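Visitor: To start, I am sharing the structure in question, which I have written as structure tokens.
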Amino acid sequence: MIQGIGLDIVELDRVARLDGRNTKFRERILSERELHVYETLSGRRKIEYLAGRFAAKEAFSKARGTGIGADCSFLDIEVISEASGRPVLYFHSQLVQGFVSITHTQTVAAAQVVLMEL
Ligand SMILES: CC(C)(COP(=O)(O)OP(=O)(O)OC[C@H]1O[C@@H](n2cnc3c(N)ncnc32)[C@H](O)[C@@H]1OP(=O)(O)O)[C@@H](O)C(=O)NCCC(=O)NCCS
């Protein structure tokens, strides 16, 4: 049974501005593993990746019904891509029973999360 759904959309220009200042924004959003992937990407792909992860994490926090906060920080959530490219969610390093989908265009990134009951 579905436990919760979450949706989020992020403007790439806003993320590019924040990411362009220094490393703080991406270090607040991306886990070590995600940062490692980010570093392998070039130019615009870095921004798409960061914005997509940001959107996925906000969507996950909405699906939980808590929002981002003390018990659900950006770094508590990881979105890891399988070899096929399919993203999978982890919360506190545990595989999440649910689904995430990410998309980006020239201007925005968006993500949807569906959480299943255990
Ligand atoms: C829930 C959260 C993710 C909302 O994100 P947001 O970017 O402020 O707002 P969005 O436009 O994406 O979403 C707003 C909607 O989220 C929904 N929402 C709010 N709290 C929610 C919750 N606890 N659970 C599920 N959905 C929630 C509401 O429907 C709201 O719309 P409404 O007020 O018209 O009903 C919130 O935890 C948050 O503000 N996180 C951002 C924290 C942050 O540090 N950002 C860094 C920017 S540099």
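The values are calculated or read from the model by the stated rules, or taken from the named source; none is laboratory data. From a predicted model like this one, the values you see are computed outputs, not experimental measurements. Here Cβ is always computed from backbone atoms with ideal geometry, including for glycine, and neighbour counts include all displayed protein chains. Remember, those area values only see protein heavy atoms, side chains included, never the ligands or the DNA or RNA. Shrake-Rupley method; radii C 1.70, N 1.55, O 1.52, S 1.80 Å.
Visitor: Out of (1) over 13 Å from the mean Cα position of the chain (by Cα); (2) in contact (Cβ under 8 Å) with a residue 24 or more places away in the chain; (3) near the ligand (Cβ under 9 Å from one of its atoms), what's the single condition that is false for Met1?
Guide: (3)
Visitor: Can you tell me which residue in region 45-58 is least open to solvent (accessible area, probe 1.4 Å), limited to those that are among the basic types (Lys, Arg) and within 12 Å of the chain's Cα centre (by Cα)?
Guide: Our first condition is that a residue be among the basic types (Lys, Arg); within region 45-58, this holds for 45-46, 53, 57.
This time we only want the ones that are within 12 Å of the chain's Cα centre (by Cα), so: 53, 57.
Details: Arg53: 17, Lys57: 0 Å².
Across region 45-58, the extreme among qualifying residues is Lys57.
Visitor: Then there is this: Out of the residues in region 59-111 that are acidic (Asp, Glu) and modelled with pLDDT of 95 or more, which is most open to solvent (accessible area, probe 1.4 Å)?
Guide: Keep residues of region 59-111 that are acidic (Asp, Glu), which gives 71, 76, 78, 82.
Next, only the ones that are modelled with pLDDT of 95 or more stay: 76, 78, 82.
Working: Asp76: 36, Glu78: 22, Glu82: 82 Å².
If we take residues in region 59-111 being acidic (Asp, Glu) and modelled with pLDDT of 95 or more, then Glu82 is most open to solvent (accessible area, probe 1.4 Å).
Visitor: Out of (1) open to solvent by less than 30 Å² (accessible area, probe 1.4 Å); (2) small (Gly, Ala, Ser); (3) without any contact (Cβ under 8 Å) to a residue 60 or more places away in the chain, the odd one out for Ser42 is which?
Guide: Exception for Ser42: condition (1).
Visitor: Would you pick out the residues in region 64-92 that are at negative phi, assigned to a loop (DSSP other than H, G, I, E, B), away from the ligand (no atom under 16 Å from the Cβ) and not charged (D, E, K, R)?
Guide: Within region 64-92, Ala83, Ser84 meet the criteria.
Visitor: Now for a different question. Report the residue count in region 59-102 for those that are touching a residue at least 24 places away in the same chain (Cβ under 8 Å) and hydroxyl-bearing (Ser, Thr, Tyr).
Guide: 2
Visitor: Another one. Step by step: first the residues of region 8-25, then only those that are touching a residue at least 60 places away in the same chain (Cβ under 8 Å) and open to solvent by 60 Å² or more (accessible area, probe 1.4 Å), then the one that is farthest from the ligand (Cβ to nearest atom). Which residue is that?
Guide: Step one: filter region 8-25 for residues touching a residue at least 60 places away in the same chain (Cβ under 8 Å), giving 8-13, 15.
Those left that are additionally open to solvent by 60 Å² or more (accessible area, probe 1.4 Å): 9, 11, 13.
Numbers: Ile9: 7, Glu11: 11, Asp13: 14 Å.
Residue satisfying both the conditions and the ranking: Asp13.
Visitor: In region 26-56, what count of residues is obtained for those that are near the ligand (Cβ under 10 Å from one of its atoms) and either within 19 Å of Thr107 (Cα to Cα) or not in a helix (DSSP H, G or I) (or both)?
Guide: 2
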